[in-house]
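S.K.: Below you will find the structure I want to go over with you.
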Amino acid sequence: MKFRWFIPIALLLPLRLSAADSPVGARVATITINPREITVLHLRPEFETTIRMPEEITSVILGSPGDFKAEHNEGEPYYVYVKPITNAPAQSNLLIATKSGQHVTLELVSDGAGIGDKTQPLDFLIEYRSARSFLIDGDLRAIPSPTVAKKEHGSSDARTETARMSNLDLEFIEQQKVNSPKWTKWQDKQIETSIGDIRQWSNQTAISYSILNKSSEPVEIVPPQIQIAGRKMKKKKEGKGIISDQLEIRDYRLSTTRLEPGARADGVVFFDRPNFKQSTEKLFLQIAQADQVDRPVLIRLPFTPPIAGDDKQ
(Lines give C-alpha, C1' and ligand atoms only; values in the text may rest on other atoms or scores of the structure.)
Protein backbone atom coordinates (compact mmCIF):
# COMPACT_ATOMS: atom_id res chain seq x y z
CA MET A 1 0.00 0.00 0.00
CA LYS A 2 2.80 2.41 0.85
CA PHE A 3 4.58 1.41 -2.36
CA ARG A 4 1.60 2.38 -4.54
CA TRP A 5 1.41 5.83 -2.93
CA PHE A 6 5.15 6.39 -3.35
CA ILE A 7 5.10 6.06 -7.15
CA PRO A 8 2.76 9.06 -7.91
CA ILE A 9 4.71 11.30 -5.54
CA ALA A 10 7.97 10.36 -7.21
CA LEU A 11 6.48 11.17 -10.60
CA LEU A 12 4.95 14.53 -9.60
CA LEU A 13 8.02 15.92 -7.85
CA PRO A 14 10.15 16.25 -11.02
CA LEU A 15 7.19 17.91 -12.77
CA ARG A 16 6.94 20.64 -10.12
CA LEU A 17 10.66 21.28 -10.24
CA SER A 18 10.55 21.50 -14.03
CA ALA A 19 7.75 24.11 -13.96
CA ALA A 20 9.52 26.20 -11.32
CA ASP A 21 12.75 26.17 -13.32
CA SER A 22 11.13 27.24 -16.60
CA PRO A 23 12.85 30.33 -18.07
CA VAL A 24 11.26 33.75 -17.62
CA GLY A 25 11.02 36.14 -20.55
CA ALA A 26 13.03 39.29 -19.81
CA ARG A 27 12.88 42.78 -21.33
CA VAL A 28 15.61 45.41 -21.31
CA ALA A 29 14.60 48.79 -22.74
CA THR A 30 15.92 52.33 -23.24
CA ILE A 31 13.26 55.06 -23.10
CA THR A 32 13.45 58.80 -23.76
CA ILE A 33 11.98 60.81 -20.89
CA ASN A 34 8.54 62.18 -21.72
CA PRO A 35 6.50 63.42 -18.71
CA ARG A 36 3.30 63.10 -20.76
CA GLU A 37 3.72 59.33 -21.10
CA ILE A 38 3.30 56.54 -18.54
CA THR A 39 5.67 53.55 -18.67
CA VAL A 40 4.01 50.22 -17.83
CA LEU A 41 6.35 48.02 -15.78
CA HIS A 42 5.58 44.28 -15.68
CA LEU A 43 6.83 42.71 -12.43
CA ARG A 44 6.60 39.38 -10.63
CA PRO A 45 7.28 38.22 -7.05
CA GLU A 46 10.87 37.09 -6.39
CA PHE A 47 12.18 39.21 -9.30
CA GLU A 48 13.67 42.70 -9.01
CA THR A 49 13.55 45.41 -11.68
CA THR A 50 16.25 48.05 -12.08
CA ILE A 51 15.45 51.60 -13.26
CA ARG A 52 18.33 53.87 -14.28
CA MET A 53 17.86 57.63 -14.68
CA PRO A 54 20.24 59.88 -16.69
CA GLU A 55 21.04 62.03 -13.64
CA GLU A 56 20.89 62.07 -9.86
CA ILE A 57 17.53 61.04 -8.40
CA THR A 58 16.08 63.30 -5.72
CA SER A 59 12.61 61.87 -5.11
CA VAL A 60 10.88 58.48 -5.34
CA ILE A 61 7.14 58.37 -4.60
CA LEU A 62 5.41 54.97 -4.47
CA GLY A 63 1.62 54.73 -4.52
CA SER A 64 1.20 51.41 -2.67
CA PRO A 65 4.10 50.57 -0.32
CA GLY A 66 2.08 47.63 1.00
CA ASP A 67 2.23 45.85 -2.37
CA PHE A 68 5.53 47.01 -3.85
CA LYS A 69 8.98 48.02 -2.63
CA ALA A 70 11.04 50.79 -4.26
CA GLU A 71 14.62 51.22 -3.05
CA HIS A 72 16.94 54.16 -3.69
CA ASN A 73 20.05 55.22 -1.79
CA GLU A 74 22.64 57.99 -2.09
CA GLY A 75 25.40 55.46 -2.83
CA GLU A 76 23.73 54.72 -6.19
CA PRO A 77 22.16 58.09 -7.08
CA TYR A 78 21.04 57.07 -10.58
CA TYR A 79 19.22 53.82 -9.69
CA VAL A 80 15.85 52.70 -8.29
CA TYR A 81 15.10 49.03 -7.56
CA VAL A 82 11.46 47.87 -7.65
CA LYS A 83 9.78 44.55 -6.82
CA PRO A 84 6.42 43.20 -5.58
CA ILE A 85 6.25 42.21 -1.91
CA THR A 86 2.95 40.33 -2.15
CA ASN A 87 2.15 37.10 -4.00
CA ALA A 88 -1.31 38.39 -4.90
CA PRO A 89 -1.94 40.38 -8.10
CA ALA A 90 -1.23 44.09 -7.50
CA GLN A 91 -1.09 47.40 -9.32
CA SER A 92 0.26 50.82 -8.33
CA ASN A 93 2.10 53.89 -9.62
CA LEU A 94 5.64 55.21 -9.16
CA LEU A 95 6.99 58.75 -9.67
CA ILE A 96 10.74 59.38 -9.99
CA ALA A 97 12.11 62.95 -10.07
CA THR A 98 15.69 64.03 -10.81
CA LYS A 99 17.94 66.87 -9.69
CA SER A 100 17.18 69.09 -12.71
CA GLY A 101 13.42 68.70 -12.34
CA GLN A 102 12.79 65.98 -14.92
CA HIS A 103 10.40 63.22 -13.86
CA VAL A 104 8.92 59.94 -15.09
CA THR A 105 5.69 58.20 -14.15
CA LEU A 106 5.43 54.41 -14.15
CA GLU A 107 2.51 52.02 -13.75
CA LEU A 108 3.54 48.92 -11.77
CA VAL A 109 1.73 45.70 -12.71
CA SER A 110 2.23 42.33 -10.98
CA ASP A 111 0.17 39.27 -11.96
CA GLY A 112 1.14 37.58 -8.71
CA ALA A 113 2.85 34.27 -8.05
CA GLY A 114 1.64 31.38 -10.18
CA ILE A 115 -1.11 33.52 -11.75
CA GLY A 116 -1.53 35.29 -15.06
CA ASP A 117 0.08 35.14 -18.48
CA LYS A 118 3.57 33.67 -18.17
CA THR A 119 4.35 34.64 -21.78
CA GLN A 120 4.39 38.32 -20.76
CA PRO A 121 8.08 39.37 -20.55
CA LEU A 122 9.23 40.83 -17.24
CA ASP A 123 11.01 44.17 -17.17
CA PHE A 124 14.51 43.53 -15.85
CA LEU A 125 16.13 46.87 -16.74
CA ILE A 126 14.61 50.20 -17.84
CA GLU A 127 17.14 52.90 -18.73
CA TYR A 128 15.87 56.45 -19.27
CA ARG A 129 17.68 59.03 -21.35
CA SER A 130 17.16 62.80 -21.52
CA ALA A 131 15.69 64.72 -24.43
CA ARG A 132 17.47 68.06 -24.16
CA SER A 133 16.92 71.02 -26.45
CA PHE A 134 16.75 74.80 -26.29
CA LEU A 135 13.54 74.60 -28.34
CA ILE A 136 10.21 73.39 -26.97
CA ASP A 137 9.88 69.86 -28.34
CA GLY A 138 7.06 68.47 -26.20
CA ASP A 139 9.36 65.97 -24.43
CA LEU A 140 11.50 68.26 -22.32
CA ARG A 141 10.00 69.61 -19.11
CA ALA A 142 12.98 70.89 -17.16
CA ILE A 143 16.51 72.13 -17.76
CA PRO A 144 19.25 72.27 -15.13
CA SER A 145 20.41 75.82 -15.84
CA PRO A 146 19.80 78.75 -18.17
CA THR A 147 23.32 78.59 -19.63
CA VAL A 148 23.35 79.59 -23.29
CA ALA A 149 24.75 77.01 -25.69
CA LYS A 150 28.39 77.31 -26.76
CA LYS A 151 29.08 79.40 -29.85
CA GLU A 152 29.37 77.36 -33.03
CA HIS A 153 32.20 77.91 -35.56
CA GLY A 154 33.60 80.71 -33.43
CA SER A 155 30.56 83.00 -33.81
CA SER A 156 30.45 85.94 -31.36
CA ASP A 157 26.87 87.02 -32.11
CA ALA A 158 25.00 86.45 -28.81
CA ARG A 159 21.73 87.54 -30.40
CA THR A 160 21.85 84.48 -32.68
CA GLU A 161 22.13 82.21 -29.63
CA THR A 162 19.28 84.02 -27.87
CA ALA A 163 17.06 83.69 -30.92
CA ARG A 164 17.48 79.91 -30.78
CA MET A 165 15.97 79.83 -27.29
CA SER A 166 12.25 79.48 -26.70
CA ASN A 167 10.01 82.04 -25.00
CA LEU A 168 9.82 79.67 -22.05
CA ASP A 169 13.62 79.51 -21.71
CA LEU A 170 13.83 83.30 -21.80
CA GLU A 171 11.17 83.67 -19.09
CA PHE A 172 13.03 81.10 -17.01
CA ILE A 173 16.29 83.05 -17.27
CA GLU A 174 14.58 86.32 -16.34
CA GLN A 175 13.03 84.74 -13.23
CA GLN A 176 16.43 83.47 -12.08
CA LYS A 177 17.76 87.03 -12.36
CA VAL A 178 15.29 88.34 -9.75
CA ASN A 179 17.46 89.02 -6.69
CA SER A 180 14.85 89.75 -4.02
CA PRO A 181 11.44 88.20 -4.77
CA LYS A 182 8.47 89.22 -2.61
CA TRP A 183 7.84 86.06 -0.61
CA THR A 184 4.43 84.87 0.55
CA LYS A 185 4.22 82.71 3.69
CA TRP A 186 1.78 79.79 3.98
CA GLN A 187 0.40 78.40 7.20
CA ASP A 188 1.85 75.03 8.24
CA LYS A 189 4.17 74.99 5.19
CA GLN A 190 7.94 74.78 5.02
CA ILE A 191 8.04 76.78 1.80
CA GLU A 192 7.38 80.37 0.77
CA THR A 193 6.43 81.37 -2.78
CA SER A 194 6.70 84.32 -5.12
CA ILE A 195 4.96 84.95 -8.45
CA GLY A 196 7.00 86.73 -11.12
CA ASP A 197 6.19 87.61 -14.71
CA ILE A 198 2.89 86.46 -16.25
CA ARG A 199 2.69 86.47 -20.07
CA GLN A 200 0.12 85.40 -22.62
CA TRP A 201 0.58 84.32 -26.25
CA SER A 202 -2.89 83.86 -27.79
CA ASN A 203 -4.55 81.50 -25.26
CA GLN A 204 -1.25 80.09 -24.02
CA THR A 205 -0.02 81.51 -20.70
CA ALA A 206 3.41 81.43 -19.00
CA ILE A 207 3.72 81.90 -15.22
CA SER A 208 7.12 82.56 -13.63
CA TYR A 209 7.54 81.72 -9.95
CA SER A 210 10.06 81.01 -7.20
CA ILE A 211 10.03 78.76 -4.12
CA LEU A 212 12.06 79.24 -0.94
CA ASN A 213 12.70 76.64 1.76
CA LYS A 214 12.54 78.53 5.07
CA SER A 215 12.67 75.40 7.24
CA SER A 216 15.67 73.61 8.75
CA GLU A 217 14.95 70.39 6.80
CA PRO A 218 15.31 69.52 3.09
CA VAL A 219 12.13 69.78 0.99
CA GLU A 220 11.11 67.93 -2.18
CA ILE A 221 8.91 69.76 -4.69
CA VAL A 222 6.72 67.93 -7.23
CA PRO A 223 6.04 69.30 -10.74
CA PRO A 224 3.61 72.25 -10.87
CA GLN A 225 -0.06 72.00 -11.81
CA ILE A 226 -2.63 74.54 -12.97
CA GLN A 227 -6.09 74.25 -11.42
CA ILE A 228 -9.37 75.97 -12.22
CA ALA A 229 -11.86 75.74 -9.37
CA GLY A 230 -15.22 77.23 -8.45
CA ARG A 231 -18.65 76.64 -6.97
CA LYS A 232 -21.46 74.81 -8.70
CA MET A 233 -25.07 74.30 -7.66
CA LYS A 234 -25.95 70.71 -6.83
CA LYS A 235 -29.17 68.99 -7.82
CA LYS A 236 -32.27 68.94 -5.64
CA LYS A 237 -31.24 72.08 -3.77
CA GLU A 238 -28.48 70.34 -1.87
CA GLY A 239 -26.46 73.52 -1.76
CA LYS A 240 -23.19 74.43 -3.41
CA GLY A 241 -20.19 72.19 -3.95
CA ILE A 242 -16.57 72.88 -4.91
CA ILE A 243 -15.48 71.60 -8.33
CA SER A 244 -11.94 71.72 -9.72
CA ASP A 245 -10.17 70.61 -12.89
CA GLN A 246 -6.50 70.33 -13.81
CA LEU A 247 -5.56 72.17 -17.01
CA GLU A 248 -3.13 70.64 -19.47
CA ILE A 249 0.45 71.85 -19.03
CA ARG A 250 2.31 72.34 -22.29
CA ASP A 251 5.77 72.64 -20.81
CA TYR A 252 7.64 73.85 -17.76
CA ARG A 253 11.09 74.63 -16.38
CA LEU A 254 12.23 74.04 -12.80
CA SER A 255 15.77 74.65 -11.59
CA THR A 256 15.63 71.91 -8.94
CA THR A 257 13.13 69.67 -7.15
CA ARG A 258 15.18 69.33 -3.94
CA LEU A 259 15.57 72.37 -1.71
CA GLU A 260 18.08 72.33 1.10
CA PRO A 261 17.41 74.64 4.08
CA GLY A 262 17.46 78.25 2.83
CA ALA A 263 17.66 77.19 -0.83
CA ARG A 264 15.59 78.63 -3.68
CA ALA A 265 14.08 77.12 -6.82
CA ASP A 266 12.92 79.07 -9.88
CA GLY A 267 10.41 77.86 -12.43
CA VAL A 268 8.11 78.67 -15.33
CA VAL A 269 4.95 76.80 -16.31
CA PHE A 270 3.37 77.05 -19.78
CA PHE A 271 -0.28 76.02 -20.20
CA ASP A 272 -3.39 76.41 -22.36
CA ARG A 273 -5.78 78.86 -20.76
CA PRO A 274 -9.51 78.22 -21.45
CA ASN A 275 -11.30 80.75 -23.63
CA PHE A 276 -13.86 81.50 -20.93
CA LYS A 277 -14.92 80.56 -17.40
CA GLN A 278 -17.85 80.96 -15.04
CA SER A 279 -17.88 83.98 -12.73
CA THR A 280 -17.41 81.72 -9.69
CA GLU A 281 -14.37 79.91 -11.12
CA LYS A 282 -10.81 80.92 -10.26
CA LEU A 283 -7.42 80.04 -11.70
CA PHE A 284 -4.63 78.73 -9.43
CA LEU A 285 -0.99 77.70 -9.66
CA GLN A 286 -0.66 74.52 -7.59
CA ILE A 287 2.66 73.85 -5.84
CA ALA A 288 3.06 70.87 -3.52
CA GLN A 289 5.71 69.27 -1.36
CA ALA A 290 6.37 65.59 -2.09
CA ASP A 291 5.28 64.62 1.43
CA GLN A 292 2.09 66.73 1.27
CA VAL A 293 0.70 66.28 -2.25
CA ASP A 294 -2.83 66.21 -0.80
CA ARG A 295 -2.31 69.68 0.73
CA PRO A 296 -0.83 71.86 -2.03
CA VAL A 297 -0.26 75.59 -2.02
CA LEU A 298 -2.81 77.29 -4.29
CA ILE A 299 -1.72 80.65 -5.69
CA ARG A 300 -4.47 82.76 -7.29
CA LEU A 301 -3.71 83.78 -10.90
CA PRO A 302 -5.34 86.44 -13.07
CA PHE A 303 -7.51 84.94 -15.79
CA THR A 304 -6.47 87.62 -18.30
CA PRO A 305 -2.72 88.33 -17.98
CA PRO A 306 -0.78 90.94 -20.00
CA ILE A 307 -0.20 90.14 -23.66
CA ALA A 308 3.44 89.40 -24.47
CA GLY A 309 5.18 92.15 -26.43
CA ASP A 310 7.11 91.81 -29.65
CA ASP A 311 10.31 91.31 -27.69
CA LYS A 312 8.91 88.02 -26.40
CA GLN A 313 7.90 86.65 -29.78
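S.K.: Would you mind finding the one in Asp251, Asp291 that is in a loop (DSSP other than H, G, I, E, B), acidic (Asp, Glu) and at pLDDT 80 or above? Before you say what the answer is, go through the steps one by one.
M.R.: Details: Asp251 fails: in a loop (DSSP other than H, G, I, E, B).
Within the list Asp251, Asp291, the selection yields Asp291.
S.K.: From the residues in region 229-248 that are in a strand (DSSP E or B) and in contact with a Phe, Trp or Tyr (Cβ under 9 Å, 6 or more places away or on another chain), which one is modelled with the lowest pLDDT?
M.R.: Quick first cut of region 229-248, residues in a strand (DSSP E or B) only: 229-233, 240-247.
Narrowing further to those that are in contact with a Phe, Trp or Tyr (Cβ under 9 Å, 6 or more places away or on another chain): 229, 244, 247.
Details: Ala229: 81, Ser244: 64, Leu247: 83.
Going through the qualifying residues, I end up with Ser244.
S.K.: Let me ask something additional. Go through region 242-275 and report how many residues are more than 16 Å from Ser194 (Cβ to Cβ) and open to solvent by 40 Å² or more (accessible area, probe 1.4 Å).
M.R.: Total meeting the criteria: 12.
S.K.: Here is a list of conditions, (1) at pLDDT 90 or above; (2) surrounded by 17 or more Cβ atoms within 10 Å (Cβ to Cβ), and Ile226 meets all of them except one; can you say which number that is?
M.R.: All conditions are met except number (1).
S.K.: Please count how many residues of region 122-136 are open to solvent by less than 50 Å² (accessible area, probe 1.4 Å) and modelled with pLDDT under 85.
M.R.: First, pick out the residues of region 122-136 that are open to solvent by less than 50 Å² (accessible area, probe 1.4 Å): 122-123, 126, 128, 130-131, 133.
Right, trim to modelled with pLDDT under 85 and you get 130-131, 133.
Of the residues in that region, 3 qualify.
The values are calculated or read from the model by the stated rules, or taken from the named source; none is laboratory data. Note that this is a predicted model, so its numbers are computed, not measured. As a convention, Cβ positions derive from the backbone with ideal geometry for all residues, glycine included, and neighbour counts pool all protein chains shown. Note: accessible area is taken over every heavy atom of the protein model, side chains too, but ligands, DNA and RNA are not part of it. Shrake-Rupley method; radii C 1.70, N 1.55, O 1.52, S 1.80 Å.
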